[in-house]
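Before any comments, here is the structure.
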Amino acid sequence: MSVLIYAESEDGKLKKGAFEVASYAKGVADAMGSSVTAVAINATNANELGTYGVSKILNISNDALATFQAKGYAAAIAAAAKKENVEVVILSSSADSKYLAPLLGVNLEASVASNVVALPSSTSPFVVKRTAFTNKAFQETQLNTATKIVCVSSNAYGAHENTTEASLEDFTVEIAAGNVTVVSVDKATDKVSIADADTVVSGGRGLKGPENWNLIEDLAEVLGAATACSKPVSDMGWRPHGEHVGQTGKPVASNLYIAIGISGAIQHLAGINSSKVKVVINTDPEAPFFKAADYGIVGDAFEVVPKLIEKLKAFKAAS
């Protein structure tokens, strides 16, 4: 039995998370004495998965799946899983995968483990380590069904090259018409995606108004980072809701998360707690974020951030 992954793509290109999932799946397959098969939907560079340990790629080209719709994608992945008679299906922990996992669980009669952060400690029985209680604890979870679904936390495992000769096979699947119609999709094409970013620079009400957002954007540009904001900022219309991160917005699992002028409400902290290194800049030394941060600066963002940008530019110029 092989291990199956869903390799996410956007605008025809595989996402960074697809390579991390492939790397994780290769580790699982090696432990099981098996191989990795990938499902790619409307991806033009699916062959790149071979660099990360995938032996077989099922490439689906279907206009009905041109935009993400959970039921259609779940049906396609489930069909691939049944065709390959797989024991383990591995997804990322992206927003799309969080829709897909429960649908696949029902379709395949499979158990689902989300927020997985390490390779299985055992494959028989199948036991994985995952975060629990909004990332405040770890939990060992045993999956007992014949088919298991594992969702890997972003940046928890990393992408590791393991070049394998991969076969590419066109896979055709019948998809029923969906009940969701996409009217339009607006994208900020010149910005780093929050989901794929290694570094995220986020701002809160401490910025005092949308006219001061250049501080966030300038720091993000120097770091090659994505920009984000707290819920009150998006609610007030300073920034689009697509940039709102936290438990009620987009989850963040970046390598570095910088919070500027964000006090740290519990919902915000729960949504960004998977980030490896958290930095806060705030004038209030009693702000809750300082208790969760790895590094903190008590100071005025309007003084601290320009100096930080200046130092970073000087460092990059000298390196």
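In segment 149-160, the residues that are more than 24 Å from Leu103 (Cα to Cα) form no Cβ pair under 9 Å with any partner that is among the aromatic types (Phe, Trp, Tyr) and in a strand (DSSP E or B), whether six or more places apart or across chains.
Give the number of residues within segment 269-286 that are part of a loop (DSSP other than H, G, I, E, B) and without any contact (Cβ under 8 Å) to a residue 60 or more places away in the chain.
So in segment 269-286, the residues part of a loop (DSSP other than H, G, I, E, B) come out as 273-276, 283-286.
Then keep just the ones that are without any contact (Cβ under 8 Å) to a residue 60 or more places away in the chain; that gives 284-286.
Final tally of qualifying residues: 3.
Out of the residues in segment 245-265 that are modelled with pLDDT under 90 and among the β-branched types (Val, Ile, Thr), state the one that is farthest from the chain's Cα centre (by Cα). Restricting to residues being modelled with pLDDT under 90 and among the β-branched types (Val, Ile, Thr), the top hit is Thr248.
On the given criteria, is Ile266 over 30 Å from Lys13 (Cβ atoms), buried (at least 24 other Cβ atoms within 10 Å of the Cβ) and not acidic (Asp, Glu)? Give the derivation first.
On the way: over 30 Å from Lys13 (Cβ atoms): yes; buried (at least 24 other Cβ atoms within 10 Å of the Cβ): no; not acidic (Asp, Glu): yes.
Considered against the rule, which asks whether it is over 30 Å from Lys13 (Cβ atoms), buried (at least 24 other Cβ atoms within 10 Å of the Cβ) and not acidic (Asp, Glu), Ile266 comes out as no.
I'm trying to understand the selection: among the residues of segment 135-148, which are farther than 11 Å from Glu87 by Cβ and in contact (Cβ under 8 Å) with a residue 60 or more places away in the chain?
So in segment 135-148, the residues farther than 11 Å from Glu87 by Cβ come out as 135-142, 144.
Within segment 135-148, Asn135, Lys136 qualify.
So which residues in segment 76-114 are in a helix (DSSP H, G or I), closer than 24 Å to Lys16 by Cα and open to solvent by 30 Å² or more (accessible area, probe 1.4 Å), if there are any at all?
Taking segment 76-114 and keeping what is in a helix (DSSP H, G or I), we get 76-84, 95-108.
Add one more test, that the residue is closer than 24 Å to Lys16 by Cα, and what stays is 76-78, 80-81, 95-104.
The answer is Ala95, Asp96, Lys98, Tyr99, Pro102, Leu103.
If the condition is being open to solvent by 20 Å² or more (accessible area, probe 1.4 Å) and of a type in the set (Phe, Trp, Tyr), then segment 126-147 contributes Phe133, Phe138.
Does Ser124 satisfy being closer than 30 Å to Gly271 by Cβ and hydroxyl-bearing (Ser, Thr, Tyr)?
Working: closer than 30 Å to Gly271 by Cβ: no; hydroxyl-bearing (Ser, Thr, Tyr): yes.
For Ser124, the condition - closer than 30 Å to Gly271 by Cβ and hydroxyl-bearing (Ser, Thr, Tyr) - is not met.
Filtered by the rule that a residue be of a type outside the set (Ser, Thr, Tyr), in a loop (DSSP other than H, G, I, E, B) and open to solvent by less than 80 Å² (accessible area, probe 1.4 Å), segment 148-177 gives Asn155, Ala156, Gly158, Ala159, Asn162, Ala166, Phe171, Val173, Ile175. Of all the criteria given as (1) buried (at least 24 other Cβ atoms within 10 Å of the Cβ); (2) out of contact with any Leu (no Cβ under 8 Å at 6 or more places or on another chain); (3) not hydrophobic (A, V, I, L, M, F, W, C), the one not satisfied by Gly237 is (1).
Please go through segment 115-125 and pick out each residue that is surrounded by fewer than 22 Cβ atoms within 10 Å (Cβ to Cβ), touching a residue at least 12 places away in the same chain (Cβ under 8 Å) and in a strand (DSSP E or B).
Residues of segment 115-125 surrounded by fewer than 22 Cβ atoms within 10 Å (Cβ to Cβ): 117-119, 121-125.
Narrowing further to those that are touching a residue at least 12 places away in the same chain (Cβ under 8 Å): 117-119, 121, 123, 125.
If the condition is that a residue be surrounded by fewer than 22 Cβ atoms within 10 Å (Cβ to Cβ), touching a residue at least 12 places away in the same chain (Cβ under 8 Å) and in a strand (DSSP E or B), then Thr123 is the only one that fits.
Show the residue pairs that are 6+ apart or on different chains and have beta-carbon atoms under 8 Å apart, the first residue being within segment 291-319 and of a type in the set (D, E, K, R), the second being part of a helix (DSSP H, G or I). So the pair list comes out as Lys313/Val222; Lys316/Val222.
Residues that are touching a Leu at 6+ places or on another chain (Cβ under 7 Å), more than 30 Å from Ser92 (Cβ to Cβ), among the small types (Gly, Ala, Ser) and at pLDDT 95 or above do not occur anywhere in segment 291-300. Taking segment 26-60 as the range and being touching a strand residue (DSSP E or B) at 6+ places or on another chain (Cβ under 7 Å) and in a helix (DSSP H, G or I) as the test, the residues that pass are Lys26, Val28, Ala29, Ala31, Met32, Ala46, Asn47, Glu48, Leu49.
Does Ser35 satisfy the criteria of being of a type in the set (Gly, Ala, Ser) and either at pLDDT 95 or above or in contact with a Gly (Cβ under 6 Å, 6 or more places away or on another chain) (or both)?
Details: of a type in the set (Gly, Ala, Ser): yes; either at pLDDT 95 or above or in contact with a Gly (Cβ under 6 Å, 6 or more places away or on another chain) (or both): yes.
Spelling it out, Ser35 is indeed of a type in the set (Gly, Ala, Ser) and either at pLDDT 95 or above or in contact with a Gly (Cβ under 6 Å, 6 or more places away or on another chain) (or both).
Table: residues versus (1) assigned to a loop (DSSP other than H, G, I, E, B); (2) within 19 Å of Ser94 (Cβ to Cβ); (3) without any contact (Cβ under 8 Å) to a residue 12 or more places away in the chain; (4) of a type outside the set (A, V, I, L, M).
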| residue | (1), (2), (3), (4) |
| --- | --- |
| Val233 | no, no, no, no |
| Arg239 | yes, no, no, yes |
| Thr248 | yes, yes, no, yes |
| Ile258 | no, no, no, no |
| Gly264 | yes, no, no, yes |
| Gln267 | no, no, no, yes |
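The values are calculated or read from the model by the stated rules, or taken from the named source; none is laboratory data. Everything numeric here is computed off the predicted structure, so don't read it as measured data. Glycine also receives a Cβ, built like all others from the backbone with ideal geometry; neighbour counts cover every protein chain displayed. Accessible surface areas use protein heavy atoms only, side chains included; no ligands, DNA or RNA. Shrake-Rupley method; radii C 1.70, N 1.55, O 1.52, S 1.80 Å.
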